[in-house]
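Colleague: My questions all concern the structure below.
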Amino acid sequence: VSQSRYCRGVFAQKNISNQFNAWALYTGTHKITNNVNVMTEYQWRRADGFQHWQQSLLRFGVEYVVNPKVSVMGGLAWIQTFPYGSQPILHKFDEYRIYEQINLKDKIGVFEIQHRFRVEQRWLEQYAKNNSGEIVKVDPVYRNRLRYRCMVIMPLPIKNMFLNVNNELFIGVGKGIALNPIDQNRFIAALGWRCNDQSNIQIGYLNQFVIKSNAVDMERNHTLWLSLVYNLDFTKKEN
């Protein structure tokens, strides 16, 4: 039976839905000591442009800077996912995460290169239809996921302008991964402007390719990506 299900997943016709969304996000890294930062993040993810909810994501982390090229972080996240698009989920659900990551930075000429490796422990609410056809809440599930992002920052000839190009791969590991371990891939190309040493704004294009657990239904989400980065340094003493 398992082999038969696998074969159907491999050879079945793929059902790819092209959709147009918009994400607006804020990220801040706040320096507490010479080696410790607090990270705050919120992402407002919308479907059909800005018309409907796709997801709401709130994330918090504590980062330890080993040296200028290496840092480690651990934190928590709360995500709400909503029914949207042509392959909607059955019901809105909450997800709670714990995550750990390591970030590596280096420069090659004018290019800043970053590699981020993240491990996530995820608790996801689940809903199903009962015998009467009603949608009811069932036992939550636990999942593990690995993420790898490579980012390149390139300064542009125009003062304070830069280009941000990055790609991130999501891979499920362990039990409950179903037919396909690859969860999704995100490619971002964005134009940025440094307001000052503490902040920048970016606008660009995100291609979010999502592979559902049946390995047949997929989404290619063409997304307007808007980002505000605002950092604070609490170690500086005012005169």
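The values are calculated or read from the model by the stated rules, or taken from the named source; none is laboratory data. This is a predicted model, so every value here is computed, not measured. Heads up, the Cβs are rebuilt from the backbone with ideal geometry, glycines too, and the neighbour counts pull from every protein chain shown. These area figures cover heavy atoms from the full protein model, side chains too; ligands, DNA and RNA do not enter into them. Shrake-Rupley method; radii C 1.70, N 1.55, O 1.52, S 1.80 Å.
Colleague: Provide the per residue accessible area, probe 1.4 Å, for the chain, rounded to a whole number of square angstrom.
Modeller: That works out to 58 Å² for each residue.
Colleague: Compute the distribution of all C-alpha to C-alpha distances in region 153-239, in bins of 10 Å from 0, and list the percent of pairs in each, rounded to whole numbers.
Modeller: 15, 31, 24, 19, 9, 2, 0
Colleague: When ranked by the protection proxy of mean other Cβ atoms within 10 Å per residue, highest first, what sequence do the peptides 132-143, 154-165, 30-41 form?
Modeller: Final packing ranking: 30-41, 154-165, 132-143.
Colleague: Over 29 Å between Cα atoms: which of Lys31/Lys212; Lys92/Lys175; Lys129/Lys212; Lys69/Lys175 fall into that group?
Modeller: The answer is Lys31/Lys212; Lys69/Lys175.
Colleague: Right, something else. For an R0 of 25 angstrom, estimate the FRET efficiency from the Cβ-Cβ distance between Trp193 and Asn167 and round to the nearest 0.05.
Modeller: Efficiency for this residue pair is about 0.65.
Colleague: Sticking with this structure for a sec: If you place +1 on the Cβ of every Lys and Arg and -1 on the Cβ of every Asp and Glu, how big does the dipole about the Cα centre of region 125-239 come out, in debye to the nearest 20?
Modeller: The dipole magnitude comes to about 200 debye.
Colleague: Quick one: compute a quarter of the convex hull surface over the Cα atoms of region 104-152 and quote it in nm².
Modeller: Approximately 4.9 nm², given one-decimal rounding.
Colleague: Taking Cα pairs under 8 Å and at least six residues apart, what relative contact order does region 36-116 come out at, in percent?
Modeller: This gives 23 percent for region 36-116.
Colleague: Is the shape of region 119-178 rounded, prolate or oblate, going by the alpha carbon gyration tensor and its root eigenvalues a ≥ b ≥ c, with a/c under 1.5 for rounded and a/b larger than b/c for prolate?
Modeller: prolate
Colleague: Related question: Could you go through region 90-97 in sequence order and give the Karplus-derived ³J(HN,Hα) for each residue, using 6.51 cos²θ - 1.76 cosθ + 1.60 with θ = phi - 60°, rounded to whole Hz, and x for Gly and Pro?
Modeller: Couplings: 5, 7, 4, 9, 9, 9, 10, 10 Hz.
Colleague: Report the Rg/Rh value for region 1-147, based on alpha-carbon coordinates and the Kirkwood definition of Rh.
Modeller: Taking Rh as the inverse mean 1/r over Cα pairs, Rg/Rh reads 1.06.
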